[in-house]
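First comes the structure, then the notes that go with it.
Computed from the coordinates by the stated procedures, all read-outs in this text should not be read as laboratory data. Nothing here was measured: the structure is a model prediction, and the numbers come from that model. Cβ: placed from backbone, ideal geometry, glycine included. Neighbour counts: every protein chain shown.
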Amino acid sequence: MLIGHYYNNNLFTTKMKKYNCRVCNKSLSATFVFREMMFGFRDEFGYAECSNCNAIQILEVPDNIEKYYPPYYVSFTQQVPVLKRLPYLKRLINDLRIKIKYKNSNGQLIEFLRPAKTKPDAKILDIGCGKGALICSLFNFGFEKVSGVDKFIPDEVDHGYGVKVYKKDLYDLESNLYDLLILNHVLEHVDDQISEIKECYRLLKTGGTLIVSVPVVGTAWEIYKENWVQLDAPRHFVLHTLKSMAILAQKTGFIINKTVFDSTAFQFWGSELYKKNIPLTLPNTHDWFAVDKGFSSEEIQKFEKEAKVLNATQKGDTARFYFYKY
């Protein structure tokens, strides 16, 4: 389908080109212009909505995409916990707690692993993990066969105890090796969605699970449109719907056995900032906007309650999808 761009609700005639959905390959219909607002660059980018699966996606990935991942981008500045290996006996007791309750000796719960029924000896890979904060947390929790991969990090990272982050592409990794793969807010940054998930299928053992956490088109999009904070142009290439995720799973051999909506108050206060033309980060320090400076405690509590209601009705703006390989 030939489409143009919308700007201030008016269609302006630029180069017309045919675009198809990255997920279902159907034609794209409604078009939009979104701004970069995390850092306040305010550069504009064309996006469109799929006429079939309703996924919203960038029309063309900018040639200078690295500009929008500066050194102070959140993945590059994340705090990584220090590894603390439990003594052997405590590890055995902790493994038992994980199997029974998914709680360690401190009562901590890793809720996102529960639906996958991940065993303590599972081989886990976090894809696009940055410095590896999540795998270090998993190690300290009791999962010791953990590693990460991120082709964009400057160098490989060795945290000790065999916990490493490799600077590799998925294509470089061995097939049928992992029990659990994690794509934690990574897929939305991927251009070739089908190929990425097919590679995950190849890496997983039969019976393994891929956890995909992504933004989801829902009520926040309906309310805020171009000011919806999760659009995150141009870093987010695809904003999924329940339908587009189901199609993605079907096309790559997976079955989605569970979906958990986990949106937060961020969908409201972040979008409210954008409505006021305020970036998420401060221009000089690049620190995150102090929420308590812009919103009252009553407003934040209201946003949190609304997020819980939306999650319960599958209308929140983020969700975890459990892809199973049978």
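If R0 is 56 Å, what FRET efficiency do you get for residue 258 and residue 285 from their C-beta distance, rounded to 0.05?
0.90
Going toward the positive end of the dipole of the range 74-324, with +1 on Lys and Arg Cβ and -1 on Asp and Glu Cβ, which of 113, 296, 265 do you reach last?
Most positive-ward Cα: 113.
Residue separation times 0.36 nm, minus the C-alpha to C-alpha distance between residue 313 and residue 64: what's the value?
85.8 nm
Only Lys, Arg, Asp and Glu count, each charged at its Cβ (+1, +1, -1, -1), so figure out the dipole size of the range 53-184 about its Cα centre, rounded to 20 debye.
The calculated dipole for the range 53-184 is roughly 1000 debye.
With each label point set 7 Å from Cα along the Cα-Cβ vector, what nm distance links residue 198 and residue 250?
1.8 nm
Order these peptides, 23-30, 75-82, by their mean beta-carbon neighbour count within 10 angstrom, highest first.
Output ranking for 23-30, 75-82: 23-30, 75-82.
Among the chymotrypsin sites (Phe, Trp or Tyr not before Pro) in the range 120-167, which ones are in a DSSP loop with at most 15 other Cβ atoms within 10 Å of the Cβ? Mind listing them?
152, 161
So which trypsin sites (Lys or Arg not before Pro) in the range 273-313 end up in coil per DSSP with only 16 or fewer other C-beta atoms within 10 Å?
276
State, to one decimal in nm, how far the label point of residue 174 lies from the label point of residue 277, with both points 7 Å from Cα in the Cβ direction.
Placing both labels 7 Å along Cα→Cβ, they lie 5.7 nm apart.
How many percent of DSSP beta bridges within the chain run antiparallel, rounded to 5?
Of all bridge pairs located within the chain, approximately 70 percent are antiparallel.
Tell me which residues come under 5 Å, amide H to amide H, from residue 190 once H is placed; ignore anything under 5 positions away on its chain.
For residue 190, the qualifying residues are 237, 238.
For residue 198, go through the lysines and keep the ones whose alpha-carbon is under 21 Å away, minus same-chain ones fewer than eight residues off.
Of all the lysines, those that pass the test against residue 198 - Cα under 21 Å, at least 8 places apart if same chain - are 26, 123, 151, 167, 168, 243, 251, 258, 325.
Are there GluC sites (Glu not before Pro) in the range 161-208 that DSSP marks as loop and that have at most 10 other Cβ atoms within 10 Å, and which are they?
174
Along the Cα-to-C-beta direction of residue 42, a point sits 7 Å from the Cα; which residues of the range 254-272 have their amide N less than 20 Å from that point?
Of the residues in the range 254-272, 270-272 have backbone N under 20 Å from the label point off residue 42.
Roughly how many nanometres apart are two label points built 7 Å out from the Cα toward the Cβ at residue 326 and residue 300?
Taking the two extended label points, one gets 4.5 nm.
Per DSSP helix of 4 or more residues, -39500 (n - 2.57); summed, then divided by the residues of the chain. What does that give at 222 nm, rounded to the nearest 500?
About -7500 deg cm²/dmol.
Only Lys, Arg, Asp and Glu count, each charged at its Cβ (+1, +1, -1, -1), so figure out the dipole size of the chain about its Cα centre, rounded to 20 debye.
In debye, rounded to 20, the chain gives about 1180.
Would you kindly derive the ³J(HN,Hα) couplings of the range 318-326 from the backbone phi angles with the Karplus curve 6.51 cos²θ - 1.76 cosθ + 1.60 (θ = phi - 60°), listing them in order in whole Hz, with x for Gly and Pro?
9, 7, 10, 10, 9, 8, 10, 9, 9
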